[in-house]
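So the structure is just underneath, and the comments pick up after that.
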Amino acid sequence: MKTVEAGKRITLTNVLFATDFSPNSDLALPYAAAISRHYGAKLYGAHVVRSEDYFFTTPDLWPAHLEQEQQLQSEVVQRMERNFGDVPHTPLFGVGDIWSVISRFIGEYSIDLLVVGTHGRTGVRKVLAGSVAETIFRQSPCPVLSVGPNVSRKEEGQVHFRRILFATNFSQESLAALPYALSFAEEEQSELVLLHVVEQPAAGVANAGAVKAALVEKLEALVPTDAEPWCGVACAVEFGHEFARPAERIVDVARQREADLIVLGAHATDSAISSVTHLFHSTVQHVLAHASCPVLTVRSSLSV
C-alpha cells in the first residue's frame, strides 16, 4: 500500500466502483461519482461474475462458454450504462473469483480508491465473517470506501464530507488512516473530530479527568500545526459503557455529531490471524453494519 504523510494532500487519479447491481451498490454509486468528479479522477465501474463452471468445462464446450461470456459481458456493460446515466466511466467485466478479479483490476488500473456498497446488517455479518467483503478490507492495497445499509440515499450533488470522524486507538494500524482523514477534511474545509475510546467505563478509571486530559493532548499532537486554516479540528475522548465494545461508541459519536464520513485504520493481513479477526469482528464489522454514514478503511502497510 502507498504510504502517505500526515498533512500531505491525497491525490486520487483512478477510482474503482465495484457493483453487483444490488440496491446497496446503487447507494454507493453517487459517492464514487462525486469523489471522482471532485478529484478529477477516472472512474471505473466493475462487475464480476462468480462462475466455477468455467473451470470444469470440457474442451468441446469452450466455444459455447466463450460465446455465453461475451453475451453476458455485453449485457453487463449495457446495464452499467443505464445505472451510471451521465456519469463518465469505463466499464470493467470479469469472470471468476471476485476478489482475485477486483485485485487484478486494482493493480492493472492503478486504483487509488475502491468504493463498494455493503448489504443489510445480517448480510454484512455473514459476508464479513467469511468471504469477499472481509477479504477486500483485509487485503486491498488501496483504501476502501464502504456505503452501508443504514446510509441514506443521496444524489451525487448531495455528497459532501463536511463532518469527518477519525477514530484511533493510537496503534500504527489505526494511524495509517490519519492522512486520509486530514486530506479529505482539507478538501472540503470540514470539521474533523479525532476520537479515542477508552475501553472501560470512566467509573473504573482512577482519576478519569486526568486520563482524559492526557489522551486529548495525545490526540491534539496528531494534528499538523498548519491544519487550523483549512479545517476545524476537535479532539474527543469517550469512555466505554459496561460490556460495550469501542465500536459501539464510535457509531454513537458519529451519529451524535452527524458525521458524513468515518475513517478507520485496519490491520494488514499477516500471520497474526487472531489479531486481524478480532479487529474486523469487533470494530470494522460493527461500524459498517450500524454506521449512518460511509466508512473509509485504510489498511496499514505490511512493510511498515
For a footprinting-style exposure proxy, rank THR225, THR168 by other Cβ within 10 Å, fewest first.
THR225, THR168
Expected unfolding gain across GLU199-ARG162 under the 0.36 nm per residue rule, minus the alpha-carbon gap, is 10.5 nm
Cα-based convex hull, the stretch 134-191, per residue volume (Å³, whole number):
125 Å³
10 Å beta-carbon shell around ARG249, net charge (K/R +1, D/E -1)
-3
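FYI, it's all coordinate maths here, none of it is from the lab. Because the structure is a prediction, the values reported are computed rather than measured. As a convention, Cβ positions derive from the backbone with ideal geometry for all residues, glycine included, and neighbour counts pool all protein chains shown.
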